[in-house]
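See structure below.
The values are calculated or read from the model by the stated rules, or taken from the named source; none is laboratory data. Nothing here was measured: the structure is a model prediction, and the numbers come from that model. Here the Cβ positions follow ideal geometry from the backbone for every residue, glycine too, while neighbour counts run over all protein chains shown.
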Amino acid sequence: MARKPATIAIHSGLNQDTQFGCVVPPIYLSSTYNFTEYNQPRVHDYSRRGNPGRDMVQNALAELEGGAGAVVTSSGMSAIHLLCTTFLNPGDWIVAPHDCYGGSYRLFDSQSKRGAYNVIFVDQSDETALKAALAKAPKLVLIETPSNPLLRIVDIQHIAELAHQSGALVAVDNTFLSPVLQQPLSLGADFVIHSCTKYLNGHSDVVAGTVIAKDPQQAEELAWWANNIGVTGGAFDSYLLLRGIRTLAPRILLQQKNAQEIVNYLINQPLVKKLYYPALADHTGHEIAKRQQKGFGAMLSFELAGDETIIRRFLAALELFTLAESLGGVETLISHTATMTHAGMTPAARAKAGITDELLRISVGIEDSQDLIADLENAFRIVTQG
Ligand code: PLP
């Protein structure tokens, strides 16, 4: 029977040290490895190409997502860049979501402007628009679900089927859920991408990324290109990432529980104009999320009724919600989308994507949920009292 993510996360790479019997693998900092004799390299020769600690975390990630192999890179962005560099040539098309992560948008846009490949941004829940994009016979379709910051959900299995029919490879950015809550390869995707900076590491102290491939040959191509362009992850980051992954399952399940409790509180709060969380029955992607996810996750966003002064006062009044970008760490973060994560978009583009100036996004941590709710309650009280 295949092991469950919580068990894989704990046991991957454990007890492999034959010299000292270390239960926990050490950090292999050496940049180079000696040859046993003339023309006889060992498994590793140079740490950009291969590092024992990076191998371990790559194996853990591949097993967690049910893939044949993984490459760990220096950031989520370098993972996406690696995927595109490996599989796209000048003239090829990538189909990306119209509301994808801003850094991904900037990468595709700038690379297409310099002729590396062509990009079409499309609302993938709009079947007609998606089919029109697929008519260009793209090489790659990137899916991001749930999306940032409105948690829009698209049907991975359906899009993968359509994309495969038109000859495209399919990659899913699974950063918002992690393999504990969603496994895109089992839904028909060819690749999974993560910003490991987020839930996988979980402690906001590493920037890293990964591409996981279902097919062993494609996993090897990714590893070859990762070494070629030099985007592989460092030894220390690999160590920290594997250490973070150990607690992925309990962390995200507790974060999700806390998120649901915060949603239950916010739903009755008069200053909350709109609430976005896929567990809500009126969320546009609720039914798909129920089917394709193992849980609704720990990200939520809401519109605060009020102007900039109210938003400033509300954010200043919070004590347990740190005003910061990023997500997925053990500490709760709140961000003002228009001035932070999505500041790079024009106001018109934000309006088109449904992102208002009153939108706040929360990445729920593992603090006691009652304390988090009391902190929100206090901030709402301060704002209401004026
Ligand atoms: N993909 C998603 C969904 C993200 O949210 C992010 C970063 O926020 C990235 C990719 C890029 O990852 P990194 O910041 O590790 O480069």
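Assorted remarks:
- The number of residues in region 201-233 that are of a type in the set (G, A, S) and either under 24 Å from V330 (Cα atoms) or in a loop (DSSP other than H, G, I, E, B) (or both) comes to 6.
- Restricting attention to region 105-153, the residues being of a type outside the set (S, T, N, Q), away from the ligand (no atom under 16 Å from the Cβ), part of a loop (DSSP other than H, G, I, E, B) and closer than 30 Å to K274 by Cβ number 2.
- Scanning region 176-209 for residues that are among the small types (G, A, S) and either near the ligand (Cβ under 10 Å from one of its atoms) or more than 11 Å from the chain's Cα centre (by Cα) (or both) returns S186, G188, A189, S195, G202, S204, A208, G209.
- Among (1) surrounded by 15 or more Cβ atoms within 10 Å (Cβ to Cβ); (2) within 16 Å of the ligand (Cβ to nearest atom); (3) on the phi < 0 side of the Ramachandran plot, the one test that I311 misses: (2)
- Residue in region 167-175 that is away from the ligand (no atom under 11 Å from the Cβ), touching a Gly at 6+ places or on another chain (Cβ under 8 Å) and outside any loop (DSSP other than H, G, I, E, B) present: yes
- Residue within region 262-272 that is assigned to a loop (DSSP other than H, G, I, E, B) and touching a helix residue (DSSP H, G or I) at 6+ places or on another chain (Cβ under 7 Å) present: yes
- Residue that is farthest from the ligand (Cβ to nearest atom), among those in region 154-166 that are among the small types (G, A, S) and without any contact (Cβ under 8 Å) to a residue 40 or more places away in the chain: S166
- Of all the criteria given as (1) in contact with a Phe, Trp or Tyr (Cβ under 8 Å, 6 or more places away or on another chain); (2) away from the ligand (no atom under 16 Å from the Cβ); (3) not aromatic (F, W, Y), the one not satisfied by A96 is (2).
- Among the criteria (1) at negative phi; (2) part of a loop (DSSP other than H, G, I, E, B), the one E287 does not fulfil is (2).
- Taking every residue in region 318-343 that is modelled with pLDDT under 95 and pairing it with any residue that is of a type outside the set (G, A, S) and away from the ligand (no atom under 13 Å from the Cβ), at least 6 positions away or on another chain, the pairs with Cβ-Cβ distances below 6 Å are T337/I355; T337/L359; A338/D357; H342/R350; H342/I355.
- Within region 210-229, tally of residues that are farther than 17 Å from A68 by Cα and within 15 Å of the ligand (Cβ to nearest atom): 0
- Criterion (more than 16 Å from the ligand (Cβ to nearest atom) and either closer than 23 Å to G167 by Cβ or in contact with a Leu (Cβ under 8 Å, 6 or more places away or on another chain) (or both)) met by exactly one of G21, G67, G50: G67
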